[in-house]
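**Student:** Questions regarding the structure given below will be posed in turn.
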Amino acid sequence: MKFDDVILGRRSIRGYKPDPVPMSLIKEIIQLAMRSPSSMNTQPWNFYVITGEPLNRIRAGNTERMLAGVPESREFRRGEPFAGKHRERQIGVAKQLFSAMGIARDDKVMRQDWVMRGFRQFDAPVCVIVTYDRELHGADDAAFDCGAVATSLVNAAWSRGLGAVINSQGIMQSPVVREHAGIAEDQVIMKSIALGWPDEGFPANAVVTERKSVDEATVFVGFVD
Ligand SMILES: Cc1cc2nc3c(=O)[nH]c(=O)nc-3n(C[C@H](O)[C@H](O)[C@H](O)COP(=O)(O)O)c2cc1C
């Protein structure tokens, strides 16, 4: 695939076929992703790639704790809840997804069902937990580098016909992930990526999200043209 086709074609995938993904293909994708730049080439990232029973235990643990109202516990700073234009964009993508899935605004049951789907990693056959070396905890560069590698990973996956969605839902109950994935103590859990073969018939997979314009995002300085 051409670079533009990957970048423009990739969408977050939230509905998967149950078919397994070969470990060799996941290795290939991670190898591509790890060509990402990182601060001083520190490469602070690591990956726990989970499937089968351990992943089912994580799905069950996440579901149980979320339904029981256990407060979320992430291992990094979260910041304030979204407000203003960020909240508007968050609502914008939710509206697009609910509309594609035919979930009405006041349908609390289906909305809850959708949210729980995220905590089950969208029933994907594979989940990749991105972690970083604890000795870099507190350095924002480590989080930045994890973002770079995660973005490369989902693009590499897309170039091989695989779908993915980077998500926070999978790591909101970090102790569950830590236990069942056997995350080493010297690793901080950063983010989760659901991975698998896209279910073409799953309506939310067709959603193309909006972007602000280049003019809105960019200040050009010193240009004459
Ligand atoms: C850091 C991060 C966290 C995310 N968390 C979630 C999540 O918890 N649940 C979800 O459904 N999507 C999640 N997403 C996916 C975003 O909603 C999605 O990337 C965004 O709406 C743009 O859509 P696109 O990926 O289809 O281009 C997350 C993405 C990123 C980068």
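**Student:** If only one of 100, 104, 142 is free of Cβ contacts under 8 Å to residues at least 12 places away in the same chain and over 14 Å from the mean Cα position of the chain (by Cα), which one is it?
**Tutor:** Selected residue: 104, the only one of 100, 104, 142 that is free of Cβ contacts under 8 Å to residues at least 12 places away in the same chain and over 14 Å from the mean Cα position of the chain (by Cα).
**Student:** With respect to residue 94, determine if the residue is open to solvent by less than 70 Å² (accessible area, probe 1.4 Å) and either at negative phi or acidic (Asp, Glu) (or both).
**Tutor:** Considered against the rule, which asks whether it is open to solvent by less than 70 Å² (accessible area, probe 1.4 Å) and either at negative phi or acidic (Asp, Glu) (or both), residue 94 comes out as yes.
**Student:** So the check is Cβ under 7 Å with 6+ separation or different chains; which pairs have a first residue in region 54-69 that's assigned to a helix (DSSP H, G or I) and a second one that's of a type in the set (Gly, Ala, Ser) and open to solvent by less than 60 Å² (accessible area, probe 1.4 Å)?
**Tutor:** 54/181; 58/181
**Student:** Do you know which of the residues in region 11-26 that are assigned to a loop (DSSP other than H, G, I, E, B), out of contact with any Ser or Thr (no Cβ under 9 Å at 6 or more places or on another chain) and of a type outside the set (Val, Ile, Thr) is surrounded by the most Cβ atoms within 10 Å (Cβ to Cβ)?
**Tutor:** Here the residue is 14.
**Student:** Then there is this: Need the failing condition index for residue 142 against (1) in contact with a Phe, Trp or Tyr (Cβ under 6 Å, 6 or more places away or on another chain); (2) closer than 25 Å to residue 59 by Cβ, just the number.
**Tutor:** Residue 142 satisfies every listed condition except (2).
**Student:** Then there is this: If I filter region 110-132 for residues that are among the charged types (D, E, K, R) and away from the ligand (no atom under 14 Å from the Cβ), do I get at least one hit?
**Tutor:** Among the residues of region 110-132, not one is among the charged types (D, E, K, R) and away from the ligand (no atom under 14 Å from the Cβ), which makes the answer no.
**Student:** Can you confirm whether region 24-35 contains a residue that is small (Gly, Ala, Ser), under 19 Å from the mean Cα position of the chain (by Cα) and either at pLDDT 95 or above or more than 23 Å from residue 163 (Cβ to Cβ) (or both)?
**Tutor:** There is at least one residue in region 24-35 that is small (Gly, Ala, Ser), under 19 Å from the mean Cα position of the chain (by Cα) and either at pLDDT 95 or above or more than 23 Å from residue 163 (Cβ to Cβ) (or both).
**Student:** Give the residue that is most open to solvent (accessible area, probe 1.4 Å), with candidates limited to residues of region 62-76 that are within 13 Å of the ligand (Cβ to nearest atom) and not hydrophobic (A, V, I, L, M, F, W, C).
**Tutor:** Looking at the filtered set, the residue picked out is 72.
**Student:** For region 164-186, enumerate the residues that are within 13 Å of the ligand (Cβ to nearest atom) and of a type in the set (Ser, Thr, Tyr).
**Tutor:** 168
**Student:** Continuing with the same structure: Exactly one of (1) on the phi < 0 side of the Ramachandran plot; (2) of a type outside the set (A, V, I, L, M); (3) open to solvent by 70 Å² or more (accessible area, probe 1.4 Å) is unmet by residue 41. Its number?
**Tutor:** Among (1) on the phi < 0 side of the Ramachandran plot; (2) of a type outside the set (A, V, I, L, M); (3) open to solvent by 70 Å² or more (accessible area, probe 1.4 Å), residue 41 violates only (1).
**Student:** Among 201, 182, which is on the phi > 0 side of the Ramachandran plot and out of contact with any His (no Cβ under 8 Å at 6 or more places or on another chain)?
**Tutor:** Residue meeting the stated conditions: 182.
The values are calculated or read from the model by the stated rules, or taken from the named source; none is laboratory data. The structure displayed is predicted, hence computed values, not measured ones. As a convention, Cβ positions derive from the backbone with ideal geometry for all residues, glycine included, and neighbour counts pool all protein chains shown. What goes into the accessible areas is simple: the full protein's heavy atoms, side chains included, and nothing from ligands, DNA or RNA. Shrake-Rupley method; radii C 1.70, N 1.55, O 1.52, S 1.80 Å.
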